[in-house]
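Since the structure comes first, as structure tokens, the remarks are kept for the end.
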Amino acid sequence: MKDPRIQKLAENLVGYSVDVQPGENVLVEMIGDERDLLKAVVEEIGKKGGNAFVELTDKAVQSSQLKYATEEGIKAWAEYDLVRMKMMDCYIGIRAGSNVNDMSDVPKDKMKLYNSLYSHPVHSEQRVKQTKWVVLRYPNASMAQLASMSTEAFEDFYFDVCNLDYAKMDRAQDALSELMNRTDKVRITGPGTDLSFSIKGIESEKCSGQKNIPDGEVYTAPVRDSVNGTISYNAATLYNGITFENIKFRFENGKIVEATGSDTTRLNEILDSDEGARYIGEFAIGFNPYILHPMKDILFDEKIAGSLHFTPGQAYEGVTDNGNRSSIHWDLVLIQRPDYGGGEIYFDDVLIRKDGIFVLPELEGLNPENLI
């Protein structure tokens, strides 16, 4: 018997997240071998009168492809897929790979070429800017291991997170978004962290299930040269299949001038990818009530209740754009709940969140008990 939670998720993806309309072309990209959700999504697109196009991808195969790829080959690959993406009105990306480290042995120079020559034009420029899109993970044994949970327990957790009432969350985000839009100075404090910057004149965006599943954040960007101080991230992170821990940055006038972590050499190589990689492209506050601990999957980790992320690299073009351009966009997470050391966020010298809990009355709707 088909799991009714899968059907509900498919309905939410097609009808709410990308809102498929009759006649629209929808690219459904599946990384992995999960078929139940893929089939349900394709059926839902058909029910809405849309045209489903399916791409099946395997990360292990893609890793081999990249190891031997030439610059000319990656350019041709991007050109080939860009033609298809330009035909699409919607994009649904389902990630269900069995090994998060499949790309870890791809040479750094090949990953840099792939990020700049393929991912940037096909996804950052065309998919993100020109389609209605949503990206999600799908539960499997690999993800359960990352979360230190049994497969069955992780599936229950996953569907709680992904089938949350995102319309309710969307309404609760209004007050935070409006407050961010009229804020100038931001200060973040906590163990190993004392960071100040401005967000004046840069608007915010609500995230409530239209782009990512799971979801639960409001984001903006700092004025590019306004960031000063230090930040110590406490969530382990993956970048191109490599795990980094205990990352700490020191900023001067917007630029990361000192970066340390569990692999300081490789960390600085990433930050030296281009000029924009040492500047911040996103500041976001996370509050999904079901996501409490990091699992090295950024679609989940950046939404952790009581968290924030402060992202080196590319800014999102549009109302949150601070002008920073880079081939990377690396969401790094700081959790401020008491079990992770606590911390505070101040807007214009007013405390808005302490130890992961919003303290202003107008923001209390985003606290966990009001979103579940």
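Averaging the Cα positions of each part gives two centres, and for segment 200-223 and segment 281-310 these lie 12 Å apart. The calculated FRET efficiency for E79 paired with D194, based on their beta-carbon distance and R0 = 41 Å, is about 0.30.
Between K86 and Q65, the contour length at 0.36 nm per residue exceeds the alpha carbon distance by 5.2 nm. Once you divide the Cα radius of gyration of segment 260-372 by 2.2 N^0.38 Å, the number left is 1.16.
Please compute the per residue accessible area over the chain with all protein chains in place, 1.4 Å probe, rounded to a whole number of Å².
About 42 Å² of surface per residue is accessible.
Computing FRET efficiency as 1/(1 + (r/R0)^6) for V257 and R325, where r is the C-beta to C-beta distance and R0 is 22 Å, gives about 0.65. The chymotrypsin sites (Phe, Trp or Tyr not before Pro) of segment 1-87 that meet both conditions, a loop assignment by DSSP and at most 12 other Cβ atoms within 10 Å of the site Cβ, are Y68.
Of all lysines in the structure, those lying under 25 Å Cα to Cα from K48, and not within fewer than 8 positions of it along the same chain, are K2, K8, K39, K86, K129, K132, K168, K211. For the chain, the equivalent ellipsoid built from the Cα gyration tensor has semi-axes of 30, 26, 20 Å, listed from largest to smallest.
Return the carbon/sulfur percentage of the accessible area of segment 1-80, one whole number, probe 1.4 Å, all protein chains in place. Percent of accessible area from carbon and sulfur atoms in segment 1-80: 52. The largest accessible area among K86, K303 belongs to the first residue in K86, K303, and the rest follow in falling order (1.4 Å probe, all chains).
In the chain, the DSSP-assigned H stretches of four residues or longer account for a calculated mean residue ellipticity at 222 nm of -8000 deg cm²/dmol, using -39500 (n - 2.57) per stretch and the full residue count as denominator.
Sorting the segments 120-133, 208-221 by their mean number of nearby beta carbons within 10 angstrom, highest to lowest, gives 208-221, 120-133. What you get for the chain, charging only the Cβ of Lys and Arg (+1) and of Asp and Glu (-1), is a dipole of about 340 debye around the Cα centre. For the chain, DSSP calls about 70 percent of its internal beta bridges antiparallel. Computing FRET efficiency as 1/(1 + (r/R0)^6) for T265 and Q130, where r is the C-beta to C-beta distance and R0 is 35 Å, gives about 0.40. At the residue level, R224 shows approximately 70 square angstrom of accessible surface with a 1.4 angstrom probe and all protein chains present. Rolling a 1.4 Å probe over the protein heavy atoms leaves D355 with an accessible area of roughly 50 Å².
Label-to-label distance for E55 and E178 is 4.0 nm, based on points extended 7 Å past Cα in the beta-carbon direction. Here the accessible area of segment 168-323 is 43 percent carbon and sulfur, with a 1.4 angstrom probe and all protein chains present.
The values are calculated or read from the model by the stated rules, or taken from the named source; none is laboratory data. Predicted model only: the values in this text are computed from it and were never measured. Glycine also receives a Cβ, built like all others from the backbone with ideal geometry; neighbour counts cover every protein chain displayed. The accessibility values were calculated without ligands, DNA or RNA, using every heavy atom of the protein model including side chains. Shrake-Rupley method; radii C 1.70, N 1.55, O 1.52, S 1.80 Å.
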